[in-house]
Amino acid sequence: MKIRHFASISLIVFLVASNTVQAQSDSLVFGTWFNTEKTAQIEIMNSGEELLGKIIWLDNPNKDGAPVLDKANENEKLRNRPVMGLTILEGLTYQNGVWKGGKIYDPNSGKTYSCELKLKGQEKLEVKGYLGFSWIGKTVEWTKVKK
């Protein structure tokens, strides 16, 4: 009887500890990240069960003070919207160490891709954009902005 009670308690402790470690590792993606070229900062935040990312800083704003616009967008009606504040990541959910199932929008090309994110330590984020199959695409690395 004591062994069964001990086994039950051990299982509960293990499950609680496992969930705590996963919650800590999947939340490390939240915060502000430089894109690969360090020309933009993207804030990644929680939105319910999913995450989203918005552009919050641009290195090269227009010299005349006018906002940088989404001129390459495939949808003509969206070409006058500002890039600053634009949501470029959405719909990603955490599954086995990877954020997946979402989309990433590239304002430089005006294209939207399927997306996966994977942490590489606490300071690097692997961002994969692809069409169709995840093994066909491009992977870049973003760097966490130091506070």
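The values are calculated or read from the model by the stated rules, or taken from the named source; none is laboratory data. Values in this document were obtained by computation on a predicted structure and should not be read as measured data. Neighbour counts are summed over all protein chains in view; Cβ atoms, including those assigned to glycine, are modelled from backbone coordinates with ideal geometry.
The lone criterion from (1) free of Cβ contacts under 8 Å to residues at least 24 places away in the same chain; (2) in contact with a Gly (Cβ under 6 Å, 6 or more places away or on another chain) left unmet by G129 is number (1).
Looking across N62, N46, one residue alone is free of Cβ contacts under 8 Å to residues at least 24 places away in the same chain, more than 22 Å from G102 (Cα to Cα) and not acidic (D, E). It is N62. The residue list I42, I88, I56 contains one member that is assigned to a strand (DSSP E or B) and farther than 19 Å from C115 by Cα, which is I56. Take the conditions exposed (fewer than 13 other Cβ atoms within 10 Å of the Cβ), assigned to a loop (DSSP other than H, G, I, E, B) and over 17 Å from the mean Cα position of the chain (by Cα) and apply them to K63. Does it pass? Judged against the criteria, K63 is a match. Residues that are assigned to a loop (DSSP other than H, G, I, E, B) and in contact with a helix residue (DSSP H, G or I) (Cβ under 9 Å, 6 or more places away or on another chain) do occur in the stretch 68-75, at least one of them. Taking (1) within 26 Å of L28 (Cβ to Cβ); (2) modelled with pLDDT of 95 or more in turn, Q122 satisfies each apart from (2). Exactly one residue among G53, G48, G91 is surrounded by fewer than 12 Cβ atoms within 10 Å (Cβ to Cβ) and modelled with pLDDT of 85 or more, and that residue is G48.
For residues in the stretch 130-147 being closer than 14 Å to K100 by Cβ and at pLDDT 95 or above, which is surrounded by the most Cβ atoms within 10 Å (Cβ to Cβ)? Taking the candidates together, the pick is Y130. Take K63 and tell me if it is at negative phi, at pLDDT 95 or above and not polar (S, T, N, Q). No. If only residues of the stretch 38-84 that are of a type in the set (G, A, S) and touching a strand residue (DSSP E or B) at 6+ places or on another chain (Cβ under 6 Å) are counted, the one that is farthest from S27 (Cα to Cα) is A40.
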